[in-house]
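Report on one structure; see the data block that follows.
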Amino acid sequence: MSTTVSCSIDLDSPGKSTGYLKIGDSTNQSGWATYMVPIIKYKNGEGPTVLVLAGNHGDEYEGQFAARDLANNLDMNEVTGRIIIIPCLSQPAAKAGTRLWPDGTNFNRIFPGNENGAVHGKLAYYLSTELFHQVDAVFELHSGGRGHHFVPCSHMVWSSDVTQRKRMIEGMKSYNTSHHMIFPEQPGTDPTTLLPGLVERLGKGLVTTELGGSGIATFESTTIAKDGLRNGLRFFKAIKGESKTRAELGLKPPIFLDLRSSKSYHSATHVGLYENIKGAGDAVEKGEVIGLIHDMDHPDTPAVEIRAQQSGVIGVMRGFPRVNIGDVVAVLGPAYASTDLFPENPD
Ligand SMILES: [Zn+2]
């Protein structure tokens, strides 16, 4: 229970309501300030509650468009449960066009939050202790941000809880993207500090996406974001109609990329300008050059080659080309027609 965040609307009342999460704040410009986070709620009937979240990272846009589309264009007669929408979690980051908040905070590393911390900590605490407990499923919509570019996908972390894993696979598939990506837990990171990591451990339905990247949004990636969200809401029975599979829509079967192996991640070995030699979605062989790092201070020196550590399909390529040593420049792994075909141990 949060004492530093309140919601200006009754989330349990029927119908549509629009308001704010109001967070106690104090700034240089205003000693007695309230930090306001827009929130929209639709409720019709006794069906499940689905929470739609976007703008966790400020330079990821497709999810923000999809959430805003829902906030404006959902017909109450379509709704068969309750849908709560927060179109932009990290407004200061979004307004600055940056991944992180202006103080350097990654909103996706501070869960379960801090009731008496900075604004982002208070918001995370409210989500962790109140909102997540009221919902059946969460959509957390990301894109690659400036640094990365994904084949638009819904994705998941491979859960050791087999029941939860199966549930997450079905939710992931409901987004109907051409690719689905399966990641390991973030190395060197407590998974419950991530928003989706915490939601997963609360046993909620969970769908997460990476819908493009490079700090831009295209018509195609935004359309995928909007269409997938609607189909996913049907899957969770929050809006009317049957969710459709890709086959039912006449689309090619989805590709499941197994990115759980440590060999999936490729990092820059030098500082410089990274040139993608292969693109997101390309198939590559082990040992093939996938990128080059150029030392622009010494343009007559050979570029440093980055070679594929295993065969597979590139799920993530580099977006913004300037890299430091240790920056991830590509993620690739073997492609399967189903997660049922995944080996138990990817290494
Ligand atoms: Zn993100």
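The values are calculated or read from the model by the stated rules, or taken from the named source; none is laboratory data. All values reported here derive from a predicted model rather than from experimental measurement. Note: ideal-geometry Cβ built from the backbone for every residue, glycine included; neighbour counts use all protein chains shown.
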So, in segment 75-125, how many residues would count as being of a type in the set (Lys, Arg) and assigned to a loop (DSSP other than H, G, I, E, B)? 1
Tell me which residues, restricted to segment 228-253, are of a type outside the set (A, V, I, L, M), surrounded by fewer than 23 Cβ atoms within 10 Å (Cβ to Cβ) and closer than 27 Å to residue 331 by Cα. 245, 246, 252, 253
Working carefully through the options 81, 47, 58, 97, find the one that is small (Gly, Ala, Ser) and closer than 23 Å to residue 191 by Cβ. 58
Limited to segment 259-289, what total is found for residues that are under 18 Å from residue 333 (Cβ atoms) and in contact with a Lys or Arg (Cβ under 6 Å, 6 or more places away or on another chain)? 4
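Among the listed residues 99, 82, which satisfies the condition of being of a type in the set (Lys, Arg), buried (at least 19 other Cβ atoms within 10 Å of the Cβ) and within 16 Å of the ligand (Cβ to nearest atom)? Step through it out loud before you land on a result.
On the way: 82 fails: within 16 Å of the ligand (Cβ to nearest atom).
Step by step, each of 99, 82 is checked, and only 99 is of a type in the set (Lys, Arg), buried (at least 19 other Cβ atoms within 10 Å of the Cβ) and within 16 Å of the ligand (Cβ to nearest atom).
Counting residues that are closer than 19 Å to residue 153 by Cβ, modelled with pLDDT of 95 or more and touching a Gly at 6+ places or on another chain (Cβ under 8 Å), which strands (runs of 3 or more DSSP E) fully inside segment 239-347 reach at least 2? Spell out the reasoning first.
On the way: elements: 255-258, 265-267, 272-276, 289-294, 304-307, 312-318, 328-333.
Per the criteria, 255-258, 312-318, 328-333.
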Enumeration of residues in segment 124-146 that are buried (at least 21 other Cβ atoms within 10 Å of the Cβ) and within 16 Å of the ligand (Cβ to nearest atom): 124, 127, 138, 139, 141, 142, 143, 144, 145
Scan segment 212-219 and tell me whether some residue there is surrounded by 24 or more Cβ atoms within 10 Å (Cβ to Cβ), touching a Pro at 6+ places or on another chain (Cβ under 6 Å) and either at pLDDT 95 or above or among the basic types (Lys, Arg) (or both). yes
Yes or no: segment 326-333 includes at least one residue that is surrounded by fewer than 18 Cβ atoms within 10 Å (Cβ to Cβ) and without any contact (Cβ under 8 Å) to a residue 60 or more places away in the chain. yes
